[in-house]
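> Handing you this structure, nothing more for now.
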Ligand code: C2E
Ligand code: MG
Ligand code: MG
Ligand code: MG
C-alpha cells in the first residue's frame, strides 16, 4: 500500500470551542501521527455512463487504517482534519496518490487508458497562494495527463473565496483539468452563481435521489437542476444511485453519468483493478 509522508508544518487553529476538548485533542494528535505514519489510504468508486453502465472514471476517497479501530471513513475524521488544517497536507497527498495510481493503471491495464480520476479538494487547499503550482508539480511528478484529472469542490469554495477563486479555477481549467461542483444542492443552492464560475460538472447530491419517487418537490428540483446544467453546457453526475428505481429516475432525467452502490461501493486498489480488467476493452 502507498504511504503518506509529509514534510510540511501543520496549521493548528487555537481557541476552537468543542464539546469535549480532551477527546478532540486526542483525535487531532492521533490523526497527525496517522498521516506521518502512513496510515491513510485511498478507495476508488466507479463513475459510470448510466446508459451503457460503462466505467468512465473513479472518485478517490480517503480512508484511515487506524491501528486499533480499523478502517475509518472520512465522516469520522474529515471534520477534525478541516478544523486543524491537517486537511491541507492530507489533501495534497490524496491528489498526488490519486494521480500516481491512475497513471499506473493507464500504463498497465488497457481498459484504464481513458479513465479519469476525480479528486476531492478542500476549500483550504484552494485558499493556498501556491495552489496552482502544487497542482502543476503533482502532474509533473506523476506524469498524469491533465485531461485525466477532475477536481471536485463543494459550493463553499465558490462562495467563500469569491473574487480570486475565479482566476484560480480558470487557470486550473486552462491546464486541461476539469472541475466539478460536489454535493450540489446541499450548500447555498444558489443557481445564480453558477454561470460566473468556470466549472464543467455538477454532482447532484444523493439527498435528491432519496425518496425522490415519493417526494414531488425533490423530483421537480432535480429536473430543473438538470435542465439548468444543460442550458449552461454543464455535465451532470447523479450521486447515490442505490436501486434500480434510482437508476430509472436518473435515466428519465436524461442525466448521463452517475455513481452509487447499485454499480459499486468504493473499492480498494486490488478490487478496483479486478473490475477494470473484467470490463470489455475500450474501443
Ligand atoms: P463525496 O465526495 O460526496 O463522496 C461520496 C460519498 O458518498 C462517499 O462517502 C461514498 O462512499 C458515498 N456513496 C457513494 N455512493 C453511495 C450510495 O449509493 N449511497 C450512499 N448512501 N452513499 C454513497 P465517503 O467515502 O464516506 O466520503 C464522504 C465524504 O468525505 C465525501 O463525500 C467527501 O466530501 C469527503 N472526502 C472523502 N475523501 C476526501 C478527500 O480526499 N479530501 C476531502 N477534502 N474530502 C474527502
Ligand atoms: Mg466527491
Ligand atoms: Mg459528492
Ligand atoms: Mg456527497
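The values are calculated or read from the model by the stated rules, or taken from the named source; none is laboratory data. All figures in this text were calculated on a predicted structure; none of them were measured in a lab. Positions of Cβ are backbone-derived with ideal geometry, glycine not excepted, and every protein chain shown enters the neighbour counts.
> Given (1) more than 18 Å from residue 181 (Cβ to Cβ); (2) in a helix (DSSP H, G or I); (3) within 16 Å of ligand 3 (Cβ to nearest atom), where does residue 220 come up short, assuming only one miss?
(3)
> What do you reckon, is residue 200 surrounded by 13 or more Cβ atoms within 10 Å (Cβ to Cβ), within 14 Å of ligand 4 (Cβ to nearest atom) and touching a residue at least 12 places away in the same chain (Cβ under 8 Å)? Even if it seems obvious, please write down each step before you answer.
Numbers: surrounded by 13 or more Cβ atoms within 10 Å (Cβ to Cβ): yes; within 14 Å of ligand 4 (Cβ to nearest atom): no; touching a residue at least 12 places away in the same chain (Cβ under 8 Å): yes.
Answer is no for this residue.
Here's the yes/no breakdown for (1) in contact (Cβ under 8 Å) with a residue 40 or more places away in the chain; (2) under 17 Å from the mean Cα position of the chain (by Cα); (3) closer than 16 Å to residue 153 by Cα; (4) within 16 Å of ligand 4 (Cβ to nearest atom):
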| residue | (1), (2), (3), (4) |
| --- | --- |
| 69 | no, no, no, no |
| 73 | no, yes, no, yes |
| 78 | no, yes, yes, yes |
| 82 | yes, yes, yes, yes |
| 85 | yes, no, no, no |
| 88 | yes, yes, yes, no |
| 96 | yes, yes, no, no |
| 99 | yes, yes, no, no |
| 102 | yes, yes, no, no |
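> So, residue 164, is that one over 28 Å from residue 255 (Cα atoms) and in a helix (DSSP H, G or I) or not?
Numbers: over 28 Å from residue 255 (Cα atoms): yes; in a helix (DSSP H, G or I): yes.
It is true that residue 164 is over 28 Å from residue 255 (Cα atoms) and in a helix (DSSP H, G or I).
> So, one more: So which of 73, 122, 145 is in contact with a strand residue (DSSP E or B) (Cβ under 9 Å, 6 or more places away or on another chain) and either within 21 Å of residue 201 (Cβ to Cβ) or away from ligand 3 (no atom under 16 Å from the Cβ) (or both)? Break it down into steps so the answer makes sense when it comes.
Numbers: 73 fails: either within 21 Å of residue 201 (Cβ to Cβ) or away from ligand 3 (no atom under 16 Å from the Cβ) (or both); 145 fails: in contact with a strand residue (DSSP E or B) (Cβ under 9 Å, 6 or more places away or on another chain).
Within the list 73, 122, 145, the selection yields 122.
> Step by step: first the residues of the range 110-141, then only those that are within 16 Å of ligand 1 (Cβ to nearest atom) and assigned to a helix (DSSP H, G or I), then the one that is surrounded by the fewest Cβ atoms within 10 Å (Cβ to Cβ). Which residue is that?
The initial filter retains those residues of the range 110-141 that are within 16 Å of ligand 1 (Cβ to nearest atom), namely 116-128, 131, 134-135, 138.
Still in the list and also assigned to a helix (DSSP H, G or I): 123-126, 131, 134-135, 138.
Details: 123: 18, 124: 18, 125: 22, 126: 22, 131: 18, 134: 16, 135: 24, 138: 20.
For the range 110-141, the residue satisfying everything is 134.
> Pull up the range 235-263, narrow it to residues that are part of a loop (DSSP other than H, G, I, E, B) and away from ligand 3 (no atom under 15 Å from the Cβ), then point me to the one that is farthest from residue 211 (Cα to Cα).
256
> Here's a follow-up. Taking the conditions exactly as written (touching a strand residue (DSSP E or B) at 6+ places or on another chain (Cβ under 6 Å) and outside any loop (DSSP other than H, G, I, E, B)), does residue 274 satisfy them or not? Working first, answer last.
Details: touching a strand residue (DSSP E or B) at 6+ places or on another chain (Cβ under 6 Å): no; outside any loop (DSSP other than H, G, I, E, B): yes.
Against the criterion (touching a strand residue (DSSP E or B) at 6+ places or on another chain (Cβ under 6 Å) and outside any loop (DSSP other than H, G, I, E, B)), residue 274 does not qualify.
> So is residue 49 surrounded by fewer than 18 Cβ atoms within 10 Å (Cβ to Cβ) and modelled with pLDDT of 95 or more or not? Give the steps one after another, and end with the answer.
Details: surrounded by fewer than 18 Cβ atoms within 10 Å (Cβ to Cβ): yes; modelled with pLDDT of 95 or more: yes.
For residue 49, the condition - surrounded by fewer than 18 Cβ atoms within 10 Å (Cβ to Cβ) and modelled with pLDDT of 95 or more - is met.
> For the range 209-221, how many residues meet the condition of being in contact (Cβ under 8 Å) with a residue 24 or more places away in the chain and within 13 Å of residue 186 (Cβ to Cβ)? Don't jump to the end; show me each part of the working.
If we filter the range 209-221 for residues that are in contact (Cβ under 8 Å) with a residue 24 or more places away in the chain, which is where we start, we get 209-210, 212-213, 219, 221.
Of the ones still in play, those that are also within 13 Å of residue 186 (Cβ to Cβ) are 209-210, 221.
So the answer is 3.
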